[in-house]
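Report on the structure given below.
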Amino acid sequence: MVDKAGPRGPNIYAAGPLDRADDRRLDEGWQAARLADPETQFVALWRSRNLVSLPSGARPQANGLGALWLDRSGAESLIAEARDQVFLGLQEQRAYIALDLSHLPEETAEALVGADGSFRDLREVGPLLPPDEASVLAYARGLLFWHSRHRHCGVCGSPTVSAQAGHIRRCSNPDCGASHFPRTDPAVIMLVHDGATRCVLGRQKVWPPGMHSTLAGFVETGESLEDAVAREVEEEVGLRLEAIRYHSSQPWPFPSSIMLGFIAEARYAPLRVHPEELESAAWFERDTLLNSPEDERFKLPRVDSIARRLIQDWLEEG
């Protein structure tokens with residue numbers, strides 16, 4: 001059954017607890033002091049997997065699962081081995097610094113963090129974590145993924161180096177010196193309904209069996225968000241929209257997107273499904289979704305996704 005708990009807070013991975021303290025990123029002395037501070041919390045990652053308090057091989061469960069922060073003494077060997085260090089921000093004046101161990105063999109990285117922790121995909125554990133912890137892990141994952149993909153300058157091809165506490169990569173070629181900033185790809189995601197009791201859901205063949213979700217797509221160059229919503233809906237299912245309303249947004253570091261959520265209305269009509277975009281799509285009645293079996297016959301999207309939030313909020317509006 002779909003959760004009808006009523007009004008909810010921010011989307012998961014959003015509204016993080018850290019003060020990003022961008023005014024401190026250029027203060028190299030202050031940054032060095034935070035690196036040596038015994039109160040600093042270190043956020044370790046290995047190949048886009050976050051460190052959580054879960055022994056290797058254990059099945060994730062909400063009870064007892066949490067992000068595993070390491071203090072200065074526990075992170076000593078990791079700091080020495082880290083390929084990248086990124087200052088994330090402050091919480092109650094305590095610094096959080098992300099460490100990338102991706103260049104190490106898995107067994108070496110696991111040994112460095114100890115038996116109480118394990119590197120897990122955030123898509124596996126994110127929905128089970130406290131929201132503040134999930135947000136910090138998503139932030140760290142997104143930034144370190146960007147570092148891993150921008151080790152050379154896109155202008156001249158020379159190696160880049162990390163600058164401003166990990167929030168810029170700068171070309172090492174003195175004749176170029178281009179600065180590169182973390183990239184986030186905007187994508188629109190929309191729940192299309194008919195103004196009454198039906199909405200459109202589709203599925204892609206690569207998704208888990210039975211899973212259906214809202215329509216979505218990347219914003220193209222020169223488009224407004226509203227233009228992208230209208231274009232994607234017409235391309236994927238052949239509907240022309242009559243109204244578009246912004247809902248909310250969600251950081252989605254899988255690997256580097258910001259999901260911009262909308263509720264859109266279209267006149268009920270047969271769908272023309274684009275076979276290269278979707279495996280299938282259909283109109284679904286509100287009662288059908290409220291009684292979803294949530295199994296391989298039919299299920300709604302992941303509970304940590306804005307797609308799920310869009311669907312549930314529309315169901316509650318009815």
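Just to be sure I understand, how many residues within region 206-229 are farther than 19 Å from S256 by Cα and either assigned to a helix (DSSP H, G or I) or of a type in the set (S, T, Y) (or both)?
6
Could you tell me whether any residue of region 230-241 is part of a strand (DSSP E or B) and either touching a strand residue (DSSP E or B) at 6+ places or on another chain (Cβ under 7 Å) or not assigned by TED's automatic domain parsing to the domain that holds G126 (or both)?
Yes, the conditions are met somewhere in region 230-241.
Going by what's in this entry, would Q91 be described as assigned by TED's automatic domain parsing to the domain that holds S118 and at pLDDT 95 or above?
For Q91, the condition - assigned by TED's automatic domain parsing to the domain that holds S118 and at pLDDT 95 or above - is met.
Taking only region 269-296 into account, find how many residues are surrounded by 14 or more Cβ atoms within 10 Å (Cβ to Cβ), in a loop (DSSP other than H, G, I, E, B) and at pLDDT 95 or above.
Selection size over region 269-296: 4.
Enumerate the pairs (first residue in region 68-85 and assigned by TED's automatic domain parsing to the domain that holds L99; second residue anywhere and of a type in the set (S, T, N, Q) and modelled with pLDDT under 95) with beta-carbon separation below 6 Å, excluding pairs fewer than 6 apart on the same chain, so at least 6 apart or on different chains.
L68/S53
How many of the residues making up region 297-311 are buried (at least 18 other Cβ atoms within 10 Å of the Cβ) and either touching a Lys or Arg at 6+ places or on another chain (Cβ under 7 Å) or under 17 Å from I258 (Cβ atoms) (or both)?
9
Assess whether V229 counts as being surrounded by 14 or more Cβ atoms within 10 Å (Cβ to Cβ) and within 22 Å of G142 (Cβ to Cβ).
no
Looking at region 164-198, which of the residues that are touching a residue at least 40 places away in the same chain (Cβ under 8 Å) and in a loop (DSSP other than H, G, I, E, B) is surrounded by the most Cβ atoms within 10 Å (Cβ to Cβ)?
Among those residues, the one meeting the criterion is H167.
Mind listing whichever residues of region 273-318 are polar (S, T, N, Q), over 26 Å from P130 (Cβ atoms) and touching a residue at least 40 places away in the same chain (Cβ under 8 Å)?
Selection gives S280, N291, S292.
The values are calculated or read from the model by the stated rules, or taken from the named source; none is laboratory data. Note that the coordinates shown come from a computational prediction; the quantities given were computed from them, not determined experimentally. Every residue, glycine as well, gets a Cβ built from its backbone with ideal geometry; the counts of neighbours run over all protein chains shown.
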